[in-house]
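To start, the structure under review is shown below, and the notes come after it.
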Amino acid sequence: MVILDESREVLDTRTEVSWVRVVWARLLIGWVVLICAEVFSGASLKMGLWHPWTLIVTYWLYFAHFFLFTNLAVSTSRTSLASLYLWGVLFGLYESWITKVVWYRSSR
């Protein structure tokens, strides 16, 4: 009985540690997605990445959309390069509707 209780305790500790690692990994992936979208496009040049709006709203928006579309792609087994491209197009169309981004040519 003592050995069983100790093994359960070790198992609970391992489960807790792995859960924390999964959460941190997902938060880091969300940060990478935010940087790829905001920094490379130049959208955060005025406010910056450390603005409260970016941390409270924009980060979680990209986080949720990335994991939603990733979950849909994996659950429907559509993970070929062409399918991933189309998932990205769908994400871009949906994001432009949310952020009201309209691309136009500069008159300069």
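At a glance:
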item	result
Those residues of the range 33-48 which are under 17 Å from Gly92 (Cβ atoms) and either loosely packed, with under 14 Cβ neighbours inside 10 Å or at pLDDT 80 or above (or both), in sequence order	Val33, Leu34, Ile35, Cys36, Ala37, Glu38, Val39, Phe40, Ser41, Gly42
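For every residue, the table says whether it meets (1) at pLDDT 75 or above; (2) assigned to a loop (DSSP other than H, G, I, E, B).
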{"residue": "Trp50", "(1), (2)": "yes, yes"}
{"residue": "His65", "(1), (2)": "yes, no"}
{"residue": "Arg78", "(1), (2)": "yes, yes"}
{"residue": "Leu90", "(1), (2)": "yes, no"}
{"residue": "Tyr104", "(1), (2)": "no, yes"}
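The values are calculated or read from the model by the stated rules, or taken from the named source; none is laboratory data. Treat the numbers as computed from the prediction; the structure is a model and nothing was measured. Because the Cβ atoms are built from the backbone with ideal geometry, glycine has one as well, and the counts that use them run over all protein chains shown.
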